[in-house]
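The values are calculated or read from the model by the stated rules, or taken from the named source; none is laboratory data. Every value quoted in this text rests on a predicted model; they were computed, and no experiment measured them. For neighbour counting, all protein chains shown are included, and Cβ atoms are generated from backbone atoms with ideal geometry for every residue, glycine included.
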Amino acid sequence: MVKDELIQEIQRKHANIAVIGLGYVGLPLAITFANAGFNVTGIDPNEEKVEMINRSESYISDITNAQLRKHIDAGRLRATSDYAVLNDIDAVSICVPTPLRKTGDPDMSFIAMASEDIAPYLHRSMVIVLESSTYPGTTREFVLPKLTAHTDLQVGEDFFLAFSPERVDPGRKDYTTYNTPKVLGGITPDCTEVARAWYEQALETVVTVSTAEVAEMAKLLENTFRMINISMVNELAQMCDRLNVDVWEVIDAAATKPFGFMKFTPGPGLGGHCIPIDPLYLSWKMKTLNYTARFIELASEINTSMPRYVVSRIQDALNRYKKPLNGSKVLILGVAYKPNINDMRESPALDIIHLLQEKGAIVTYHDPYVPEIDHENIHMSSEKDLHASLEDADLVAIITDHQKYDYNMIGEKSSLIFDARNAMKDVPKSSLKVIKL
Ligand code: SAJ
């Protein structure tokens, strides 16, 4: 029986593993499989990444060179761009990006490419697991047909296919690929059983569900939950501004409730490669079923309106001191999409800079993690002399509250601060100087 043979190979660690897509999800996953004693081949079309990995040079902040070197030197890990290695591979994880197109529709090209590149090498006694966040039905309706387009191999009998959502939070130390519970659901029960037998060799907790669709939908619930709650507090911030009530104090007070409440904080908008994007895969899928996912659409509308709202608040703050935004010098502090990282994907700071420049402000930025911005029509470098830039600005806008900033010094050097993150909360200040979101 193919299933039993394959499970036995896996349990003996004789199964050869491949991970397609060596980014912030795929590379840690490859290392985790190698740590469990498997032979792992990383596959990525980017030759530079392949060469760096084979030289034990990590480009992913969560993986050290030493972690790579241990397995590269032991001959247990290698990287390639050649899919032909799949002829000798028994188990494949697909960890490729699922961004949005400019139109806001899902960009399935990476999953399509990976599926089509695997297909010629699909063979008996093989298990494939898709990890990329995507709409419910992708594994069964989109991946499976591409895998079997030119073969009569039967899923659930000759080969096995499942979905297991990635739960990597870059930079987090407490939860890693190894110890974060992993949801997993197969196209058939035997697919679930084989994929589970594989993943439980390397991961601390595997949570199986009945189908791939349940696993796909669970991931979207996780991130939609977060996106909607962030949009709710973003709208609350706008309400509190009109009520002349401090939204940060309101949230802190609500957060004293020890049950039935989860704290989220408002901000200048929603950045990152997961939270603003994954829910739109669900609303897109629902549209194809003639259903409007109203919560997601409303939340997305509120979150994407936050940069414009922040700019209007900055304009009001300058106006209070008889300074038109047009011609005023605005220094943006923190442009990464969230604190203490250098990731700029979907960062709201980019929208804020663009809108300020459109209104004639003279915009500069400082971010200790982001030396350069080279994005569409924004090409800027981080200010070299932070003290001088603070003193020179008509308004300092705290957009991303990196921990390494000295907020006391910022309070002393700045003449006017718009604080989009309540970063100045612990700094004794004259209220006239700091205006909060
Ligand atoms: N944000 C707010 N208010 C909040 C929380 C976040 O405005 O209360 C903003 C952030 O500034 C950022 C965006 O939302 O611009 C996303 O922030 P995030 O904390 O959700 O961080 P991400 O995008 O790195 O989300 C990842 C996700 N992990 C996975 O998808 C596997 C998410 O599910 C995690 O919950 C999140 O990390 C986490 O908890 O750190």
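Okay, here's what the table says:
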| read-out | value |
| --- | --- |
| Among (1) more than 30 Å from D278 (Cα to Cα); (2) modelled with pLDDT of 95 or more - the single one S58 does not satisfy | (1) |
| Cross-chain or 6+ apart pairs with Cβ under 8 Å, region 107-130 first and on the phi < 0 side of the Ramachandran plot, then buried (at least 16 other Cβ atoms within 10 Å of the Cβ) and of a type in the set (D, E, K, R) | A112/K146; S115/K146; E116/K146; A119/K146; R124/D158; M126/D90; V127/D90 |
| Verdict on L298 being in a helix (DSSP H, G or I) and under 26 Å from C95 (Cβ atoms) | no |
| Single residue of region 121-142 satisfying the filter (away from the ligand (no atom under 16 Å from the Cβ) and more than 20 Å from L86 (Cα to Cα)) that is surrounded by the fewest Cβ atoms within 10 Å (Cβ to Cβ) | E141 |
| Among (1) in a loop (DSSP other than H, G, I, E, B); (2) among the hydrophobic types (A, V, I, L, M, F, W, C); (3) at pLDDT 95 or above - the single one C274 does not satisfy | (3) |
| In region 3-58, the residues that are closer than 20 Å to F110 by Cα and touching a His at 6+ places or on another chain (Cβ under 9 Å) | Y24, A30 |
| Hits in region 221-246 - residues which are away from the ligand (no atom under 14 Å from the Cβ) and part of a helix (DSSP H, G or I) | M239, C240, D241, R242, L243 |
| Residue in region 258-301 that is nearest to S347 (Cα to Cα), counting only those that are touching a Phe, Trp or Tyr at 6+ places or on another chain (Cβ under 7 Å) and away from the ligand (no atom under 16 Å from the Cβ) | W284 |
| Looking only at region 1-45, and only at residues there that are small (G, A, S) and within 16 Å of L203 (Cβ to Cβ), the one that is farthest from the chain's Cα centre (by Cα) | A15 |
| Residue match in region 29-45 (condition: surrounded by 21 or more Cβ atoms within 10 Å (Cβ to Cβ) and of a type in the set (D, E, K, R)) | yes |
| Test result for R69, over 27 Å from E193 (Cβ atoms), modelled with pLDDT of 95 or more and of a type in the set (K, R) | yes |
| Subset tally (residues that are hydrophobic (A, V, I, L, M, F, W, C), within 16 Å of I399 (Cβ to Cβ) and within 16 Å of the ligand (Cβ to nearest atom)) for region 302-315 | 2 |
| Subset tally (residues that are among the acidic types (D, E) and buried (at least 20 other Cβ atoms within 10 Å of the Cβ)) for region 395-412 | 1 |
| Contacts under 6 angstrom Cβ, first residue in region 395-410 being in contact (Cβ under 8 Å) with a residue 24 or more places away in the chain, partner among the acidic types (D, E), 6 or more apart | I398/D419 |
| Residues located in region 285-304, provided they are of a type in the set (S, T, Y) and under 24 Å from the mean Cα position of the chain (by Cα) | S300, T304 |
| Test: residue in region 251-262 that is among the charged types (D, E, K, R), more than 22 Å from P279 (Cβ to Cβ) and either touching a His at 6+ places or on another chain (Cβ under 7 Å) or free of Cβ contacts under 8 Å to residues at least 60 places away in the same chain (or both) | yes |
